[in-house]
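First comes the structure, then the notes that go with it.
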There are 2 protein chains.
Amino acid sequence: MKATIEKRLGLKELADKVVSAEEAAALISDGDVVGMSGFTRAGDAKVVPLALVERAKNEKFQIDVYTGASLGPEVDRYLAEAGVIRKRGPYQGEPALRNLINKGEVLYVDGHLSHVAELVRQNIYGPIKFAIIEACAITKDGYLIPTNSVGNSPILADFAENIIVELNISCSESFIGIHDIYVPEKQGDRGPIPVVSATDRIGEIGIKIDPKKIKAIVISENTDAPSLIVPPDEETDIMANNLLNFLRDEIKAGRLTSKLAPIQSGVGSVANAVLQGFQDSEFEDLEIYSEVLQDAVFHLIDAGKVTFASATSITLSEELGKEVFENMDKYADKLCLRPQEITNQPEIIRRLGLISVNAALEADIYGNVNSTHVSGTRMMNGIGGSGDFARNARLGIFVTKSYAKGGTISSIVPMVSHVDHTEHDVDVLITEQGVADLRGLAPKERVPLIIENCAHPDYKEQLWAYYNDAVKKTGNSQTPHNLEKVFSWYVNYAKNGTMVE
Amino acid sequence: MKATIEKRLGLKELADKVVSAEEAAALISDGDVVGMSGFTRAGDAKVVPLALVERAKNEKFQIDVYTGASLGPEVDRYLAEAGVIRKRGPYQGEPALRNLINKGEVLYVDGHLSHVAELVRQNIYGPIKFAIIEACAITKDGYLIPTNSVGNSPILADFAENIIVELNISCSESFIGIHDIYVPEKQGDRGPIPVVSATDRIGEIGIKIDPKKIKAIVISENTDAPSLIVPPDEETDIMANNLLNFLRDEIKAGRLTSKLAPIQSGVGSVANAVLQGFQDSEFEDLEIYSEVLQDAVFHLIDAGKVTFASATSITLSEELGKEVFENMDKYADKLCLRPQEITNQPEIIRRLGLISVNAALEADIYGNVNSTHVSGTRMMNGIGGSGDFARNARLGIFVTKSYAKGGTISSIVPMVSHVDHTEHDVDVLITEQGVADLRGLAPKERVPLIIENCAHPDYKEQLWAYYNDAVKKTGNSQTPHNLEKVFSWYVNYAKNGTMVE
Ligand SMILES: CC(C)(COP(=O)(O)OP(=O)(O)OC[C@H]1O[C@@H](n2cnc3c(N)ncnc32)[C@H](O)[C@@H]1OP(=O)(O)O)[C@@H](O)C(=O)NCCC(=O)NCCS
Ligand SMILES: CC(C)(COP(=O)(O)OP(=O)(O)OC[C@H]1O[C@@H](n2cnc3c(N)ncnc32)[C@H](O)[C@@H]1OP(=O)(O)O)[C@@H](O)C(=O)NCCC(=O)NCCS
């Protein structure tokens, strides 16, 4: 065995399990439920899935795939396009898989990311036949050390009948010690989860596994597919400023100190760009307690703004990724990667009092938010952890540009076409137009704030016309709507390519 | 001072604060934000509000009223009808107040009941000028002992500038020792909330108050308005059996033991009737960890089925109330009343792994639930704690009859007209027709279960026609909808008095 491999494989009794990707892929059977490591394109198994793609050229078989969150192209593009995925959960973000989902060719179970571990415990997805998990090392005392993400790997490894490990020797050894693995007991037998600060370590450095369950170890040097986000633009800069000004007002009101509170920042370009805005602000000594660390977090660490970042995965753009992952030791003492059951745990989110910033597709005049369904029917990515955070955070903030598709779509609508976050879960709405602070307001009090502060000027009049008519038609009820016309904007868009009436 | 009063007023320095209801009511000013005790018609202040009603006959003034949950007629009927309430939160259930809300005469802020304490801490409702709190006693070491409910009284008493106590000497002294008052520190400074079992006591027997804040003590002998629920009927009996059979299947599947898990049961007639169904079942040694204890809980205690019940209030029908409250010592060691921030805390709900059963107004073919808005516009009661429980419980179960208003309304619709619980928060749907277990299913997998097992036969065909058309129109997307027709059932009902096409 090569030295590079040997030093990553501490548990010598497993040496005879090292096989080729093809041999490992051959272990999977048609109909298997398979758990996979990986969270937002980070730390996913890559070579075994590609071997499954090869196998599918000569053989018809299908599996159900449950992961941490979205995976890279190996699974969510190539394996999906090979027709191997029957059912997929709990999050995805690849255009290829998205298309198959929206043609009804792949079943997709979207869900709160903090729920998945409980569903595994309760055997809801069916018995998990295999967990395929990327690891940086297997220590001699039997810990599997994850790579760029933890996601659901601990619970999947625990409940799977068999485990295939992708031992990724290109992963920096500096990752050893970054993870903090803690798995709660089953419900009813469980005590409090003792995280009381973003920096707390409560678990072990790796996933304790039963070596007997490991049926194959495949050596990999493939790196994660880089993040797909686009850089900040003029409008996201304005949104960032709107957020900063809102936080300054919170400090003035005595609700926050200048140290703020641990920040959670959502996935995608907009959430990343808004977080980036802290770089040129007066804020310092910031802590991140989030799900995914995107580019902005590392820029903020480099700039001395962020002192510590806790999350379940690190997903970076190509260039920054190279720099960070090759200098991991520089960041190691400022990072902690936890299972998503811990990063997204309501108990901890509420205890710490997070400031949570997630992106929305659209919001309505009463403050309901749609994060997932374009025109109420086509899945975009999934709800991810946005619900875990928004409902439990001190501040559940949603950001979106006020328009999409060159202005033919208004992101502020009479009624969102799919509700992911109800009016009770949305504290603050921010667009490039301004800020609507909805806390403590009745539905009709929210309307002027959302229309005047957040909607694009092209749509304000149209929104007021809808609302005023609805007030009249319902006799000024709690939440005025005209159900005959409420979705006419989408119908107009489908027919005429614009929401403008 | 009368002996009956003297023994309830341990803190002798407060003797000179005892005044008439009129004098206390005169302390309130136009524009005040007022916190009040009370939760689902239990433990609310009654005599001071009635004095405010009197005062309003000669004087125009308005206040904002925040409570635990719904209050009895003294506030939510008479005070509301007197025009004194400008704004009301976080829950109500009186037809009089409901009408004023739906005519736009009272602003109503509906919200998750576990959120209210955090909003008070953050001063979102504005500075609370007065808390008016019903108490069973004030002990000599300065604890205010609540009566039939705790609700938000501890946090309101803590943050209010002034306190008016309604010392209710008709409240049985056996209530002393039943309450367990624990108030978390502010977010960020807080540790875990150490409840690990429904029976745990973690706090003190009363609300520790600063005696200087007490500006008036009014003696009261008024009892709570009784619960408005109607008894079980043939259909709720079937629903109860459906629930019991579902739980039996969970035991067979190894997900529950015969001891089940602590049960939360929602407000209203249907949730009460369904819980009542346990009485003739094989289940024993049950624990309740709920918000409100309605009639069924006491029947189950009497029948030896329930060994312990934790909640934030006790709301009983007239006859049963007399029996229970006059024999409180018989129940004292089987009960614990906590602040609603503890009963409804996500941390504890998830840790204990509750079985949560709440009533819905309507559900849709994809599993979204509407608990609050009739036809999407008219407020019924509010979301209450249903979101706290459904999202965090081991089992988030919703119950509803498959139809309303004599069959002219289907409780299963293409798309709910208001979303309180998203498809991600609804595990199981139960009607008198049957059970739909939605866990782990993609939206299109849920449709046949909901239509075939839960919808009323009169509407099945119409639901299938909608769905099949939507599948065709969207090319079988993730969540097929035809936004042009999705709300036509409500439009039909408004025009023709029926949803039947
Ligand atoms: C909502 C979400 C899709 C936004 O992603 P983003 O990259 O920040 O936002 P963008 O504005 O670039 O929008 C992405 C796409 O949606 C489109 N879009 C945005 N708003 C739209 C709307 N109202 N209607 C239709 N399309 C819309 C954009 O045009 C863009 O399309 P393109 O990919 O064809 O260019 C993304 O944040 C997400 O998936 N959120 C849900 C999960 C989540 O919040 N997780 C956070 C927990 S850590
Ligand atoms: C949903 C809720 C209103 C049901 O109450 P309930 O007393 O069990 O149910 P009922 O079937 O008697 O319905 C109450 C009324 O709503 C009407 N209703 C029920 N479904 C309806 C529908 N789909 N459309 C219109 N009206 C409907 C009923 O006809 C009845 O009207 P009435 O008062 O004029 O007779 C009640 O449970 C609630 O307020 N829930 C939200 C809060 C909550 O869940 N808290 C629990 C946490 S502890």
Pair list, Cβ < 7 Å and 6+ apart or interchain, from the range B:458-474 residues that are of a type in the set (Asp, Glu) to residues that are surrounded by fewer than 21 Cβ atoms within 10 Å (Cβ to Cβ) and assigned to a helix (DSSP H, G or I) = B:Asp458/B:Gly407
Sort through A:Ala390, A:Ala404, A:Ala332 and tell me the only one that's farther than 30 Å from B:Asp469 by Cα and surrounded by fewer than 24 Cβ atoms within 10 Å (Cβ to Cβ).
-> A:Ala332
Is it the case that A:Asn476 is crowded, with 21+ Cβ neighbours inside 10 Å, outside the structural domain of A:Ser371 (by the TED database) and either polar (S, T, N, Q) or within 33 Å of the chain's Cα centre (by Cα) (or both)?
-> no
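Here's the yes/no breakdown for (1) buried (at least 22 other Cβ atoms within 10 Å of the Cβ); (2) within 25 Å of B:Glu291 (Cα to Cα); (3) within 16 Å of ligand 2 (Cβ to nearest atom):
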{"position": "B:Lys87", "(1), (2), (3)": "no, yes, no"}
{"position": "B:Pro90", "(1), (2), (3)": "yes, yes, yes"}
{"position": "B:Val106", "(1), (2), (3)": "yes, no, no"}
{"position": "B:Val116", "(1), (2), (3)": "yes, yes, yes"}
{"position": "B:Arg121", "(1), (2), (3)": "no, yes, no"}
Leading residue by the ranking (nearest to the other protein chains (Cβ to nearest Cβ)) among those in the range A:229-262 that are touching a Ser or Thr at 6+ places or on another chain (Cβ under 7 Å) and away from ligand 1 (no atom under 11 Å from the Cβ) = A:Ile251
Please verify whether the range A:62-77 includes one or more residues that are touching an Asp or Glu at 6+ places or on another chain (Cβ under 8 Å), in a loop (DSSP other than H, G, I, E, B), surrounded by fewer than 21 Cβ atoms within 10 Å (Cβ to Cβ) and on the phi < 0 side of the Ramachandran plot.
-> yes
What number of residues in the range A:2-27 are outside any helix (DSSP H, G or I), under 31 Å from the mean Cα position of the chain (by Cα) and closer than 25 Å to A:Phe175 by Cβ?
-> 2
So B:Ala42, is it of a type outside the set (S, T, N, Q), surrounded by fewer than 21 Cβ atoms within 10 Å (Cβ to Cβ), in contact (Cβ under 8 Å) with a residue 12 or more places away in the chain and not assigned by the TED database to the domain that holds B:Leu316 | no
Of the residues A:Gly142, A:Gly111, which is under 29 Å from B:Tyr366 (Cβ atoms), surrounded by fewer than 24 Cβ atoms within 10 Å (Cβ to Cβ) and not assigned by the TED database to the domain that holds A:Val292?
-> A:Gly111
Within the range B:355-392, how many residues are away from ligand 2 (no atom under 11 Å from the Cβ) and closer than 22 Å to B:Ala117 by Cα?
-> 2
Residues of the range A:317-358 being among the β-branched types (Val, Ile, Thr), within 23 Å of A:Ser153 (Cβ to Cβ) and within 14 Å of another protein chain (Cβ to nearest Cβ), in sequence order, are A:Ile342, A:Ile348, A:Ile349
Close pairs from the range A:270-299: first away from chain B (no Cβ under 14 Å), partner within 16 Å of ligand 2 (Cβ to nearest atom), Cβ under 7 Å, at least 6 apart | none
State which residue pairs qualify: first residue charged (D, E, K, R) and inside the range A:171-192, second residue assigned to a loop (DSSP other than H, G, I, E, B) in any location, beta carbons under 6 Å apart, and separation of 6 or more residues or different chains.
-> A:Asp180/A:Arg201; A:Asp180/A:Gly203; A:Asp180/A:Arg338; A:Arg190/A:Pro184
Go over the candidates B:Phe175, B:Phe130 one by one and state the one that is crowded, with 24+ Cβ neighbours inside 10 Å and farther than 25 Å from B:Val33 by Cβ.
-> B:Phe175
Considering the range A:412-461 alone, what residues qualify as being more than 10 Å from every other protein chain (Cβ to nearest Cβ) and of a type in the set (Gly, Ala, Ser)?
-> A:Gly434, A:Ala436, A:Ala455
Please state which one of B:Asp200, B:Asp210, B:Asp189, B:Asp180 is among the acidic types (Asp, Glu) and within 30 Å of B:Ser29 (Cα to Cα).
-> B:Asp210
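Residue by residue, here is whether (1) over 22 Å from the mean Cα position of the chain (by Cα); (2) outside the structural domain of B:Gly142 (by the TED database) holds:
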{"position": "B:Val196", "(1), (2)": "yes, no"}
{"position": "B:Asp200", "(1), (2)": "no, no"}
{"position": "B:Ile205", "(1), (2)": "yes, no"}
{"position": "B:Ser227", "(1), (2)": "no, yes"}
{"position": "B:Met239", "(1), (2)": "no, yes"}
{"position": "B:Leu243", "(1), (2)": "no, yes"}
{"position": "B:Ser258", "(1), (2)": "yes, yes"}
When you scan the range A:111-134, how many residues do you find that are touching a Phe, Trp or Tyr at 6+ places or on another chain (Cβ under 7 Å), outside any helix (DSSP H, G or I) and more than 7 Å from every other protein chain (Cβ to nearest Cβ)?
-> 2
Do we find that B:Val297 is within 11 Å of ligand 2 (Cβ to nearest atom) and closer than 25 Å to B:Ala225 by Cβ in this structure?
-> no
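The values are calculated or read from the model by the stated rules, or taken from the named source; none is laboratory data. Note that the structure is predicted; figures quoted are calculated from it, not measured. FYI the Cβ positions are ideal-geometry reconstructions off the backbone, even for glycines, and counts take in every protein chain you see.
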